[in-house]
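**Q** Here it is, the structure in full.
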Amino acid sequence: MLTFPHKFKESLEDFNKFAANLRKGVENLASIDEILAGQSDSHERCGSCRSCLRSCTEKELVYQDGKRKLYRYKQRAKKVCHVPMLIVYALVNRYTMLDLQPNRSMIRNLLDQGQDVYLIDWGYADRMDRFMTMEDYIDGFINDCVDFIREQHQLDAINLLGVCQGGTFSTIYAALYPEKVKNFIPMVTPIDFDTKDSLLNVWASSFDVDLMVDAYGNVPGDMMNQAYTLLQPFTLSVQKYVNMVPIMEDSDKLADFLRMETWIFDSPDQPGETLRQFIKELYQGNKLVKGEFMLGGRKVELKNITMPVLNIYAELDTLVPPVSAKAMTKHVGSKDVQELTYPVGHIGMFVSGKTQKTLAPKIAEWINARL
């Protein structure tokens with residue numbers, strides 16, 4: 001009973017602080033500019049909103065096939081590496097995570113290291129993409145982009161960096177076209193799908209993807225987001241918004257939070273046949289590491305990946321568990337394989353303060369040593 005007044009006063013102070021932050025946050029929300037994750041085509045250097053100017057490194061459209069685009073980023077420093085890098089992001093969510101804002105941009109950091117960076121923008125799938133397959137994306141557009149870059153630079157091979165699902169696509173590509181890839185960098189890339197270290201792998205192993213695709217055609221991005229939220233329901237649905245309140249009084253931190261939220265919910269629909277193939281052949285069949293995966297009538301042999309490999313994974317990743325990503329090292333045929341890991345989660349690999357200062361320099365150093 002003697003400690004009650006003290007505890008009550010402490011709780012009241014905490015509540016008043018919470019309420020004050022919330023009140024200030026509402027004021028900031030009412031006055032804050034539109035928050036964008038990256039810079040959309042319609043906002044290209046428009047100068048009309050602060051977030052637009054802060055969120056994207058300047059780039060140029062150099063090749064296009066329908067809604068699929070290839071960008072080349074403008075140089076920010078003296079070019080050190082004469083071999084360009086092509087970044088292949090996942091179909092899920094948008095590549096803008098790699099260039100969210102100036103102080104959280106892997107792409108900008110790579111450019112500052114003198115790298116020549118190209119990136120694929122898959123666009124937003126619509127009904128015309130319902131029957132697009134992994135062959136269309138890998139044998140088709142990735143290969144077209146690689147050939148375009150090779151021709152532009154008069155090179156036999158380029159550097160290839162793949163992220164998440166885009167890393168899996170890039171792995172398949174590197175195995176089929178090893179002569180076109182000088183150095184390969186898979187990042188948070190699932191390779192061995194037979195693991196229970198991630199709830200996503202557990203769910204996908206028995207998921208009726210045929211029913212989903214037959215019913216929807218393209219699987220809605222919102223539905224995919226809801227599924228990811230259910231992997232950590234309290235953390236992703238409640239806790240992060242409670243944790244948002246203390247930063248709401250700081251307009252810059254609030255803008256950073258909202259920019260991240262914009263990216264999270266900017267989820268393209270998933271092309272039905274590609275998702276069907278990805279789930280059944282990889283998550284359920286684990287055919288890639290078994291040497292049974294076929295693309296365009298050809299068997300994908302990971303031992304054909306003989307170029308240098310820098311395998312980057314996140315120790316706290318709940319979407320691509322380390323055991324899945326680390327399998328790359330033992331299945332490829334390269335004698336020059338290194339691993340680079342950080343104590344972060346899946347998204348933290350690109351936006352965490354732990355990676356911003358060191359990840360790009362380490363990638364650049366590794367590449368430059370293999371020119």
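The values are calculated or read from the model by the stated rules, or taken from the named source; none is laboratory data. Quick caveat: nothing in here was measured; it's all calculated off a predicted structure. Methodologically, a virtual Cβ is constructed for each residue, glycine included, from the backbone with ideal geometry; neighbour enumeration extends over all protein chains shown.
**Q** Just the residues that are of a type in the set (A, V, I, L, M) and over 19 Å from Pro308 (Cβ atoms), please, taken from the range 142-178. Break it down into steps so the answer makes sense when it comes.
**A** Initial filter on the range 142-178 (of a type in the set (A, V, I, L, M)): 142, 146, 149, 155, 157-158, 160-161, 163, 172, 174-176.
The one that is of a type in the set (A, V, I, L, M) and over 19 Å from Pro308 (Cβ atoms): Ile142.
**Q** I've got another one for you. Tell me whether the range 232-239 contains one or more residues that are farther than 19 Å from Leu319 by Cα and either at pLDDT 80 or above or of a type in the set (A, V, I, L, M, F, W, C) (or both).
**A** Yes, that holds for at least one residue.
**Q** Taking the range 107-157 as the region of interest, how many residues are buried (at least 19 other Cβ atoms within 10 Å of the Cβ), among the charged types (D, E, K, R) and either farther than 18 Å from Ser170 by Cβ or at pLDDT below 95 (or both)?
**A** 2
**Q** Quick one: count up the residues across the range 183-197 that are out of contact with any helix residue (DSSP H, G or I) (no Cβ under 6 Å at 6 or more places or on another chain) and either free of Cβ contacts under 8 Å to residues at least 60 places away in the same chain or surrounded by fewer than 20 Cβ atoms within 10 Å (Cβ to Cβ) (or both).
**A** So the answer is 1.
**Q** Next question. Out of all the residues in the range 327-344, is one or more in a loop (DSSP other than H, G, I, E, B), polar (S, T, N, Q), under 18 Å from the mean Cα position of the chain (by Cα) and farther than 25 Å from Ala157 by Cβ?
**A** no
**Q** Does Asp317 satisfy being buried (at least 16 other Cβ atoms within 10 Å of the Cβ) and either closer than 19 Å to Leu200 by Cβ or not aliphatic (A, V, I, L, M) (or both)? Outline the logic, then answer.
**A** Details: buried (at least 16 other Cβ atoms within 10 Å of the Cβ): yes; either closer than 19 Å to Leu200 by Cβ or not aliphatic (A, V, I, L, M) (or both): yes.
Taking the combined requirement at face value, the residue satisfies it.
**Q** Using the structure shown, decide if Lys280 is part of a helix (DSSP H, G or I), farther than 24 Å from Ile138 by Cα and of a type in the set (Lys, Arg).
**A** Judged against the criteria, Lys280 is not a match.
**Q** Okay, next question. Any idea which residue in the range 347-356 is farthest from the chain's Cα centre (by Cα), counting only those that are surrounded by fewer than 20 Cβ atoms within 10 Å (Cβ to Cβ) and touching a residue at least 12 places away in the same chain (Cβ under 8 Å)?
**A** Within the range 347-356, the first condition is being surrounded by fewer than 20 Cβ atoms within 10 Å (Cβ to Cβ), and the residues that meet it are 347-348, 352-354, 356.
Still in the list and also touching a residue at least 12 places away in the same chain (Cβ under 8 Å): 347-348, 354, 356.
On the way: Ile347: 7, Gly348: 10, Lys354: 17, Gln356: 15 Å.
The qualifying residue farthest from the chain's Cα centre (by Cα) is Lys354.
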